[in-house]
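Notes follow once the structure below has been shown.
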Amino acid sequence: MTDAERIAPYQSILELFPDHVKAIGMSSIEIANLDIHLGELFGAILRIDKRAGAAIYLIPQSAIASLDMLKSLIDAIYPDDTSQRKHLISLYKRALQVKNKRDRLVHDAWGTNTDGEPVRRDIKADKPMVRVGIEELNEDIYNIRSLTTDVITAINWFEQFLPPLPRRVVGESMPNDTEQLKPIKVDN
């Protein structure tokens, strides 16, 4: 039996809009790429290996929780109102907007309105359907890619101007500064 002959018990009407389906899929792919780079930025801020930063950043099962970790890190490292802080907070806020749009993209119900136009509707709330043109989806993809580019630029800045801390080899001895490592005597 060929795919054309095969009749599925259910099929989304959105299959009639392959450009929308492709754009929704590309949005998911680009957001996954953004997540990796946000994790690398997390590592760059901490001055650790980018892969280690991404591994830590991606531990939470929630995109918002990962972003909350990034925001907390920015607050801790850059408590003062500096240009670096402003730029990092701007990246954080843009990423938060992307994540919120992603949730609507993935969790809303997709279909068509009475005019046959693609629409989405929040499945948890009694809200009206919202028409979603392909232009809007393509603009979202462009914005995600632009943010990813800006995150990569920030990572490169950190690597250029704040190189990672020196790596220790497992088993390497500590510096021979034992005077600093002696216990402090406390009088009772």
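The values are calculated or read from the model by the stated rules, or taken from the named source; none is laboratory data. This one's a predicted model, so the numbers in the text were calculated from it and none came from an experiment. Virtual Cβ from ideal backbone geometry, glycine too; neighbours counted across all protein chains shown.
From the list 88, 46, which one is hydrophobic (A, V, I, L, M, F, W, C) and out of contact with any Gly (no Cβ under 8 Å at 6 or more places or on another chain)?
Only one candidate qualifies: 88.
Out of 76, 52, one residue alone is more than 10 Å from the chain's Cα centre (by Cα), exposed (fewer than 12 other Cβ atoms within 10 Å of the Cβ), at pLDDT 90 or above and among the aliphatic types (A, V, I, L, M). It is 76.
When 96, 38, 70 are checked against the criterion of being out of contact with any Phe, Trp or Tyr (no Cβ under 7 Å at 6 or more places or on another chain), under 19 Å from residue 147 (Cα atoms), in a helix (DSSP H, G or I) and of a type outside the set (Gly, Ala, Ser), 96 stands alone in meeting it.
If only residues of segment 110-141 that are of a type in the set (A, V, I, L, M) and surrounded by 12 or more Cβ atoms within 10 Å (Cβ to Cβ) are counted, the one that is nearest to residue 39 (Cα to Cα) is 141.
Of all residues in segment 99-128, how many are under 28 Å from residue 146 (Cα atoms) and touching a helix residue (DSSP H, G or I) at 6+ places or on another chain (Cβ under 9 Å)? Residues that pass the stated criteria total 11. Taking residues in segment 64-83 that are within 27 Å of residue 101 (Cβ to Cβ), and partners anywhere that are part of a loop (DSSP other than H, G, I, E, B), the pairs with Cβ atoms closer than 8 Å and at least 6 places apart or on different chains are 66/58; 66/59; 66/60; 69/60.
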